[in-house]
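Working notes, beginning with the structure itself.
The values are calculated or read from the model by the stated rules, or taken from the named source; none is laboratory data. Note that the structure is a prediction, hence the values are computed from the model and not measured. Neighbour counts are summed over all protein chains in view; Cβ atoms, including those assigned to glycine, are modelled from backbone coordinates with ideal geometry. Each accessible area value is taken on the protein alone, full model and side chains, heavy atoms only, with ligands, DNA and RNA left out. Shrake-Rupley method; radii C 1.70, N 1.55, O 1.52, S 1.80 Å.
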Amino acid sequence: MNTITKEKAKELILSNEDKIFGCSFIKKDGTHRNMTARLLVTKGVTGKGYNFDPSSFNLITAFDMRKKAFRMINCDTLISLSSKKRKYLISH
């Protein structure tokens, strides 16, 4: 398993476009989350948007394939990433 930085992990997530990827991170409440997700999902999007800019908080909006809902990935607390048939450990 390769070790990469948080910045490189964020680049890899954003470069996935509509491909499925996996990640694990620590949620805001301190619990651990494993997520199988995808970007660029338009199903259920209302066009209303957020009251804030997620990128200013180092968050990425992704569609959680298991929960069938949109979730935020906190790039500051990423632990691991599986993308394009490779697994990465995130260094802090």
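Between 0 and 90 degrees, the angle of helix 6-15 with respect to the longest Cα principal axis of the chain falls at about 50 degrees. Largest GNM mean-square fluctuation among Lys27, Lys48, Lys68, using the chain with Cα springs under 10 Å: Lys48.
Multiplying the residue separation of Asp53 and Glu7 by 0.36 nm and removing their Cα-Cα distance gives an extension gain of 14.8 nm.
Using 0.36 nm per residue of separation minus the Cα-Cα distance, give me the extension gain between His92 and Lys43 in nm, one decimal. Fully extending the segment from His92 to Lys43 adds 14.2 nm.
The candidates Ile4, Ile20, arranged from most to least accessible area with a 1.4 Å probe in the full protein assembly, appear as Ile20, Ile4. So which GluC sites (Glu not before Pro) in the range 1-47 end up in coil per DSSP with only 13 or fewer other C-beta atoms within 10 Å? Filter output for the range 1-47: Glu17.
With both residues required to sit in the range 1-88, DSSP beta bridges show an antiparallel share near 95%.
Per q in 0.11, 0.12, 0.14, 0.20 Å⁻¹, report the Debye log10 I(q)/I(0) for the chain, using one uniform scatterer on each alpha carbon and no solvent. At q = 0.11, 0.12, 0.14, 0.20 Å⁻¹ the computed log10 ratios are -0.29, -0.34, -0.47, -0.98.
Accessible area per residue for the range 4-76 is 66 Å², calculated with a 1.4 Å probe on protein heavy atoms, without ligands, DNA or RNA. Protein heavy-atom surface of the range 1-84, 1.4 angstrom probe: 52% of the accessible area is carbon and sulfur, with nucleic acids and ligands not counted. For the chain, a crude dipole built from +1 on the beta carbon of Lys and Arg and -1 on the beta carbon of Asp and Glu, taken about the Cα centre, is about 420 debye to the nearest 20. Between Arg66 and Lys28, how high is the FRET efficiency from 1/(1 + (r/R0)^6) when r is the Cβ-Cβ distance and R₀ = 22 Å? Nearest 0.05. Approximately 0.70, to the nearest 0.05.
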